[in-house]
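Participant: Below: one structure in structure tokens.
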């Protein structure tokens, strides 16, 4: 009887772990097709509050561009280093455009973060793939990147 209870308990625990792992990997969402550059600008944010951007946005989505830390090329090199240190996965690295993905440790949510390095600063866009609110995570991320680049 005790062995039967132990097997049932072990099977229940394994099933819970399997369901949790399956559920958590589903939080990544599908990579969006509506991001990138449009007419030489980053895509605007959707209406939901889980996005910030620096290019001509409304008040709830707006964030200041990031200052250059040298030439565009020097800034890009430093930005790529910062992204690497922060655990981002760089998806696109073309000329002065970078698209990266940040994945949360706990649940596996993925945020898409883009940078357009211009002569007068870095335009940014950071958006959550899933959900409605990000509780300020995208804004905090951009500010962390800004701070790391300034050092």
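The values are calculated or read from the model by the stated rules, or taken from the named source; none is laboratory data. None of these values were measured; they are calculated from a predicted model. Positions of Cβ are backbone-derived with ideal geometry, glycine not excepted, and every protein chain shown enters the neighbour counts.
Participant: Pull up region 102-119, narrow it to residues that are out of contact with any helix residue (DSSP H, G or I) (no Cβ under 9 Å at 6 or more places or on another chain) and modelled with pLDDT of 95 or more, then point me to the one that is farthest from residue 136 (Cα to Cα).
Facilitator: Within region 102-119, the match that is farthest from residue 136 (Cα to Cα) is 116.
Matching residues to (1) surrounded by 14 or more Cβ atoms within 10 Å (Cβ to Cβ); (2) more than 15 Å from the chain's Cα centre (by Cα); (3) modelled with pLDDT of 85 or more; (4) not assigned by TED's automatic domain parsing to the domain that holds residue 123:
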site: 13; (1), (2), (3), (4): no, yes, no, yes
site: 19; (1), (2), (3), (4): no, yes, no, yes
site: 22; (1), (2), (3), (4): no, yes, no, yes
site: 49; (1), (2), (3), (4): yes, no, yes, no
site: 53; (1), (2), (3), (4): yes, no, yes, no
site: 57; (1), (2), (3), (4): yes, yes, no, no
site: 60; (1), (2), (3), (4): no, yes, yes, no
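Participant: Taking region 78-98 as the region of interest, how many residues are closer than 23 Å to residue 120 by Cα, touching a residue at least 60 places away in the same chain (Cβ under 8 Å) and not in a helix (DSSP H, G or I)?
Facilitator: 1
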